[in-house]
Protein chains: 2
Amino acid sequence: MTQNKDNNIATYMTVLGVNARKASAVLAAVESQLKNDALHTIADELIRQCELLKAENAKDLDAGKKKGLDAAMLDRLAMTDESIEKMAQGLRQIADLPDPVGEITDLKYMPTGIQVGQMRVPLGVIGIIYESRPNVTADAAALCLKSGNATILRGGSEAIHSNKAVANCIQAGLASVGLPAECVQVVETTDREAVGELLRLKDHVDVIIPRGGKSLIERVSNDSLIPVIKHLDGICHVFIDDDADTDKAISVTFNSKSQRYGTCNTLETLLVAKSRATEILPQLKTVFDKEGVELRGCDQTQAIIDCNAAAEEDWNTEYLAPVLSIKIVDGLDQAISHINQYSSQHTDSIITQDVTKTRRFMREVDSASVMVNASTRFADGFEYGLGAEIGISTDKLHARGPVGLIGLTSLKYVVFGDGHLRS
Amino acid sequence: MTQNKDNNIATYMTVLGVNARKASAVLAAVESQLKNDALHTIADELIRQCELLKAENAKDLDAGKKKGLDAAMLDRLAMTDESIEKMAQGLRQIADLPDPVGEITDLKYMPTGIQVGQMRVPLGVIGIIYESRPNVTADAAALCLKSGNATILRGGSEAIHSNKAVANCIQAGLASVGLPAECVQVVETTDREAVGELLRLKDHVDVIIPRGGKSLIERVSNDSLIPVIKHLDGICHVFIDDDADTDKAISVTFNSKSQRYGTCNTLETLLVAKSRATEILPQLKTVFDKEGVELRGCDQTQAIIDCNAAAEEDWNTEYLAPVLSIKIVDGLDQAISHINQYSSQHTDSIITQDVTKTRRFMREVDSASVMVNASTRFADGFEYGLGAEIGISTDKLHARGPVGLIGLTSLKYVVFGDGHLRS
């Protein structure tokens, strides 16, 4: 019986994969205008189907309440007039972005007379595995569509009715401009085995993007036979150097921590050069106390300000909460080595007026975003001018940091000859 | 007992990984000049130790003969004065290439006033798993060194003495310029379990590059917990279009197949537009018959020229031999769909004088190298101006086609502010 069920799911997922591959060949070759028309039509459709979307979403919310989901989860799951309007706006913004596909760069004559360049092309088929936010269905599908990729979307089971309803709007929009509905497919079973099958479809799917908590992402990376673009945690640092400007040190630290607590680019550990600790820490304590931020310091920090003790595990913790760990370091060398040991390689910033130390920090800190005198909260696709992002990669291969349309493409070589032979 | 042995190997490999990670931090930050000095010093050392290298290589050759390795394998394994000289020359050429590390591109002011750009950085630690050619030890180590990456090299057990001897020269060269010996480490056990352990070192190794036969590469991709840059097979196509120039069609097809048989960019399947088959196939048969190339044709081909029959599996076969499969197609559409179905996405070329068909072929064929009127044999790092290559990737993520120094690096974001806060 289980065997049979698993076979059915394997077959179902393979069919999705084969269909996605076919659709991706169409999508890779169409003009930008058609993709943009599709995005605008989908946006119109979402607005038109607003009542239906809310009715389907209500089924998920009811089931979620019965299942005992907490308020924060129900809040993320809920679709409102406003959130549907925002979803539609997001699609229109993606339609307005320049299309990266087909651009040929570095086309040069080689000594043999052939011309060699690189053309930007879609990755092909992208599998996206995410948790309960139904807006991801529209966002992710739109970014993939614009970059010429077919998508297979596997959302959380709590959002299944909402996701199917959004998918119907997307497929109606695709159909109305003559694109295959299989450009965007939502996995319609909530069986967990479907995720396992998706991760094994290496002949049909080119890349997997998981979006969600750390345990989801770890499971996906460990089980996938397909390359994964992933974002693990954001243990971000600010280092206040000996040569920091005091005002910048305090304002950037405060903004990095308290502008928003739940985001991956939020500051979690502050490093302070010993020579500046006595001057700066009491001022920081004042501003953080006002905001109710709990400070956890190393021994030296506790000798200067009244705060809780930081344990070893604090240096490894992404709080996503009004908590900040603080460590006093001897100087730049110790700061860099602490960061390269404990950082999740997401975003780290130095506060200094010294150009020599800037040069070293930028080169030696091995993180996706490395900053000077700027808030870690800037690490974001919109702030970096990418227009939109599908996530922030903490991987090193292919794409590091915020991943926009370019991160969903690759480069192939193009060679133009005129009967050229290799000798 | 086995448990104990495996534990020992796991510990041994973990130590290599930890040491490589430490060395990579040093290597990522050093000036180009020091890396170039190291490469020249290693080249000098290889020449100086020529007799010792040949003596160690003789041990491998003796063992190989006893083990019954065939002549081709023994030939690949052998080190001679000439091959050692060539190895040293290769290192000097890599020293002469521009250093990609540290280059900052696209540094732009954003509306908020921060400057955002991307810096090219090493990947970190690269694990290379290869078969019996000892020259790979020097080549791969040199490309990784120049691009600022530490390497762990796991060569075939048949070449263990040769590889250790080459590694000693490399480490002597590193030491003489003050770089850590752990920048380049050779796995000194021939136990097969070492490969499995290497593929699990995801905290210490950033990417795995397998070089060798298809079975090695499949095993590595299936087992690795670390991202893999891989080159599977090269099932390359030439398509002779309705609008092909006859002379170019014949000379490019002949060069693509017969300039060398054993390489991955060698033509394996020829597609011919129906309208040109009667004219062109007999001429091709004449030139291929002279070279002793076996032709295997589809039914329609067999109706025009005398040749063997191609079976379905021929379209999926990388011959690496003087064999060519030939299929007659209706025209461009069928050619593109045959290629996208059967090609290994390595290299495919169209022969045509028609710009419209060129435009479609370049956009719609989903391969790492797509060519017009040029021999598939040009798909090569040297011919593309990369200076050297560590392999040719048939993957879509990160690097497609010939992988040179750039393919061994990644881009991180750099952000310069002056106390900028996110609002």
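Just so you know, all these numbers are worked out from the coordinates, no wet-lab data involved. From a predicted model like this one, the values you see are computed outputs, not experimental measurements. Cβ coordinates were reconstructed from backbone atoms using ideal geometry, including for glycine residues, and neighbour counts include every protein chain displayed.
Here are some notes:
- Sum of side-chain charges, A:H346 neighbourhood, beta-carbon under 10 Å (Lys, Arg +1; Asp, Glu -1): -3
- Relative to the longest principal axis of the Cα atoms of chain A, the long axis of helix A:160-176 lies at roughly 60 degrees.
- Inter-centroid distance (Cα atoms) of segment B:97-166 relative to segment A:367-421, Å: 19
- Taking packing as the residue-averaged number of other Cβ atoms within 10 angstrom, the listed peptides A:371-380, B:248-257, A:275-284 run from highest to lowest as A:371-380, B:248-257, A:275-284.
- Annotation for A:E188 and A:A321: the two label points, set 7 Å from Cα along the Cα-Cβ direction, are 4.2 nm apart.
- Ranked by how many other beta carbons lie within 10 Å on average, peptides A:71-79, B:41-49 from highest: B:41-49, A:71-79
- Angle in degrees between helix A:355-364 and the longest Cα principal axis of chain A, rounded to the nearest 10: 50
- Across chain B, Cα pairs under 8 Å and at least six residues apart give a relative contact order of 17 percent.
- Förster radius 56 Å - calculated FRET efficiency between B:Q334 and B:D203 (Cβ-Cβ, nearest 0.05): 0.70
- Ranked by the mean number of other Cβ atoms within 10 Å per residue, highest first, peptides A:404-410, B:222-228 order as A:404-410, B:222-228.
- Neighbours of A:G297, meaning other residues whose beta-carbon lies under 15 angstrom from its beta-carbon, give a summed charge of -2 when Lys and Arg score +1 and Asp and Glu score -1.
- Approximating the spin labels as points 7 Å out from Cα along Cα→Cβ, the B:D75-to-B:V15 distance works out to 4.1 nm.
- Remark: for residue pairs B:K257/B:K357; A:K396/B:K257; B:K214/B:K327; A:K214/B:K35, the C-alpha separation exceeds 32 Å in A:K396/B:K257; A:K214/B:K35.
- Each of A:D299 and A:R260 was given a label point 7 Å from its Cα along the Cα-to-Cβ line. The distance between the two points is 3.9 nm.
- Across the identical copies, the 7 Å label point of A:D333, projected outward along Cα→Cβ, sits 7.0 nm from its counterparts, in ascending order.
- Pseudo-label separations to other copies for B:G196 - Cα-to-Cβ vector, 7 Å, nm: 2.1
- Other protein chain Cβ atoms within 10 Å, averaged over every residue that makes up B:396-404: 6
- Each copy carries B:S176; placing its label point 7 Å along the C-beta direction from Cα gives inter-copy distances of 7.3 nm, listed from smallest up.
- Inter-chain Cβ neighbour count for B:406-414, averaged per residue, equals 5 (cutoff 10 Å, partner chain atoms only).
- Folded to 0 to 90 degrees: helix A:246-258 orientation relative to chain A principal axis, Cα: 40
- Whole-number percent relative contact order across segment A:236-380, with pairs defined as alpha carbons under 8 Å at least 6 apart: 34
- Segment A:54-177, relative contact order [Cα under 8 Å, separation at least 6], %: 27
- Net +/- balance of residues flanking B:L74 in space, Cβ distance below 15 Å, scoring K and R +1, D and E -1: +1
- Measuring r between the beta carbons of A:E313 and B:T112 and using R0 = 30 Å, the FRET efficiency lands at 0.30.
- With a 10 Å cut-off around each Cβ of B:227-239, the average count of Cβ atoms from other chains is 1.
- Considering only chain B, the C-beta nearest to the rotation axis that sends B to A is found at B:H398, 2, the distance in whole Å.
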